Amino acid sequence: MKYSDGSSEEDDEIFDTEEEANDYGLAQVSAYATGGEVLHLSNPGDYPLDPDDEADFEIVEVEH
């Protein structure tokens, strides 16, 4: 995962196909966005909604 603040996070999940990995990445990006919205709705003063705060992902092929 790559975040708009320049930080990144590596997940150790291994998938059989690139399609499965892509679906997982899309779900993680969606969960990140939803989490930001939930925090904002719970207390907008402490958690302003930043439209530029986004996440993206990269699939890395490994041999196993």
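Across region 10-27, which residue is farthest from Ala55 (Cα to Cα) among those that are open to solvent by less than 90 Å² (accessible area, probe 1.4 Å) and assigned to a helix (DSSP H, G or I)?
My answer is Glu20.
Find all pairs meeting these conditions: Cβ atoms under 6 angstrom apart; at least six residues apart or on different chains; first residue within region 1-21 and aromatic (Phe, Trp, Tyr); second residue surrounded by 10 or more Cβ atoms within 10 Å (Cβ to Cβ) and modelled with pLDDT of 95 or more.
As it stands, the answer is Tyr3/Ala55; Phe15/Ala21, since those pairs meet every condition given.
When region 28-64 is examined, which residues are found to be in a helix (DSSP H, G or I) and either charged (D, E, K, R) or open to solvent by 100 Å² or more (accessible area, probe 1.4 Å) (or both)?
Of everything in region 28-64, those that are in a helix (DSSP H, G or I) and either charged (D, E, K, R) or open to solvent by 100 Å² or more (accessible area, probe 1.4 Å) (or both) turn out to be Glu37, Leu41.
The values are calculated or read from the model by the stated rules, or taken from the named source; none is laboratory data. Predicted model only: the values in this text are computed from it and were never measured. So basically every Cβ, Gly included, is an ideal-geometry build from the backbone, and we count neighbours across all protein chains shown. Just the protein is used for accessible areas: all its heavy atoms, side chains included, with ligands, DNA and RNA removed. Shrake-Rupley method; radii C 1.70, N 1.55, O 1.52, S 1.80 Å.
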